[in-house]
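This report concerns only the one structure given below.
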Amino acid sequence: MVRTWKLSVGFAVLGLLAAGCDTAKNAATKVEEKAKQEASQAEDLAKRAKDDVKAAAEKAKLAVVKPVEAELPKIEEKIKELSGESATQAKGKFEAFQKRLEEFKSASPDKWESLKDGLMKDFEELKKLVGLAK
């Protein structure tokens, strides 16, 4: 895009120089100003598109995290009801799951998608372990 712009500006300048120096300078200045304005608009559009992608990724991540976080208090209550070996095992899995959830929440958009399946699998296993899964 930049090469095309430079090439078109170059041809415009050459054509205008052939028509007359003073007129060419004025016209070249106008063409250059217009090109800069359009380049600025393109940069703004690119920035907005990047921001939109980032916002969409955050919404998608939130759609995964929100239901999981809503279940965590229920899981904690079920763990408190357990005793012995099953309580110890459930506490260990719960702590490991919380670490994985924090890792998921802090991951970049290109990485969290790959972590999602493992997180959801661990979540389902944890729910089964404490007796919340049907």
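The values are calculated or read from the model by the stated rules, or taken from the named source; none is laboratory data. Computed from a predicted structure; not experimentally measured. Backbone-built Cβ (ideal geometry, glycine too); neighbour counts: all protein chains shown. The accessibility values were calculated without ligands, DNA or RNA, using every heavy atom of the protein model including side chains. Shrake-Rupley method; radii C 1.70, N 1.55, O 1.52, S 1.80 Å.
Seen from MET120, the other residues with C-beta closer than 11 Å to its C-beta sum to a net charge of 0, counting Lys and Arg as +1 and Asp and Glu as -1.
Using a cut-off of 14 Å between beta-carbons, work out the net charge of the residues near GLN41 (Lys and Arg +1, Asp and Glu -1, GLN41 not included). With Lys, Arg at +1 and Asp, Glu at -1, the neighbours total 0. Under 28 Å Cα to Cα from LYS74, which lysines show up? Leave out anything in the same chain fewer than 8 places away. LYS74 reaches LYS59, LYS61, LYS66, LYS91, LYS93, LYS99, LYS105, LYS116, LYS121, LYS127, LYS128, LYS134. Probing with 1.4 Å while keeping every protein chain in the model, the per residue accessible area of segment 45-119 equals 70 Å². In units of the compact-protein estimate 2.2 N^0.38 Å, segment 35-134 shows a Cα radius of gyration of 1.56.
Between amide H atoms placed 1.01 Å from N, distances below 5 Å from LEU132 occur with no residue 5 or more places distant or on a separate chain.
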